[in-house]
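These notes are about the structure you will find just below.
Nothing in this text is a laboratory measurement; each read-out follows from the coordinates by a stated rule. Bear in mind the structure is a predicted one, so any value in this text is a computation, not a measurement. When we count neighbours, we look across all protein chains shown, and the Cβ atoms used for this are built from the backbone with ideal geometry, even at glycine.
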Amino acid sequence: MERCFTDSEMAYLKSKGPASMAGLFAAKEATAKAIGTGFDRFWPCDIEVTHDEKGKPFIVLHGKAKDTANGATIHVSISHTDEDAVAFAVVV
């Protein structure tokens, strides 16, 4: 968990099920691929998925992920069922 999720993500996931965990990880992977490197230059925990007051997800980059993205804004959408999770990330 510590290699993939930040402390705030782990706190968020305590009240959620495994599908939410899969959704967050899918968002991290989609973001890493949209940046253009995958997880080659940084860890998944360098990409943090947070939510606004209405539940909209957004990405906060840390460490080498932030450096690699060069100030880009990342928009993300996450969807999941009990069995599947998918996420899309767009870098602008």
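Numerical summary
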quantity	calculated
Vicinal HN-Hα couplings computed from phi for segment 38-54 (Karplus, 6.51 cos²θ - 1.76 cosθ + 1.60; Hz; Gly/Pro x)	x, 8, 5, 10, 7, 8, x, 6, 6, 10, 10, 9, 10, 9, 7, 5, 9
Amide H partners (placed H, <5 Å) of PHE58, local residues excluded	THR50, HIS51, ASP52
CD proxy at 222 nm, helix term only [per DSSP H run n ≥ 4: -39500 (n - 2.57); per residue of the chain; nearest 500]	-11000 deg cm²/dmol
Degrees, to the nearest 10: 18-35 long Cα axis against longest axis of the chain	10 degrees
Among [x] 14, 30, 16, 14, 12, 9, 5, 0; [y] 15, 43, 25, 12, 3, 0; [z] 18, 55, 26, 2, the entry that matches P(r) over Cα pairs in 10 Å bins from 0, in percent as calculated here	[z]
Fewest-first sequence of VAL76, VAL91 by Cβ atoms within 10 Å of each Cβ	VAL91, VAL76
For segment 61-67, 3J(HN,Hα) per residue [Karplus equation, 6.51 cos²θ - 1.76 cosθ + 1.60, θ = phi - 60°, Hz, x = Gly/Pro]	9, 10, x, 5, 5, 5, 5
Order of SER15, SER20 - criterion: other Cβ atoms within 10 Å of each residue's Cβ, fewest first	SER15, SER20
Relative exposure of ILE47, ILE74, ILE35, judged by other C-beta atoms within 10 Å (fewest first)	ILE74, ILE35, ILE47
Calculated from backbone phi, Karplus (6.51, -1.76, 1.60) coupling profile of segment 71-79 in Hz, x at Gly/Pro	x, 5, 8, 10, 9, 9, 10, 10, 9
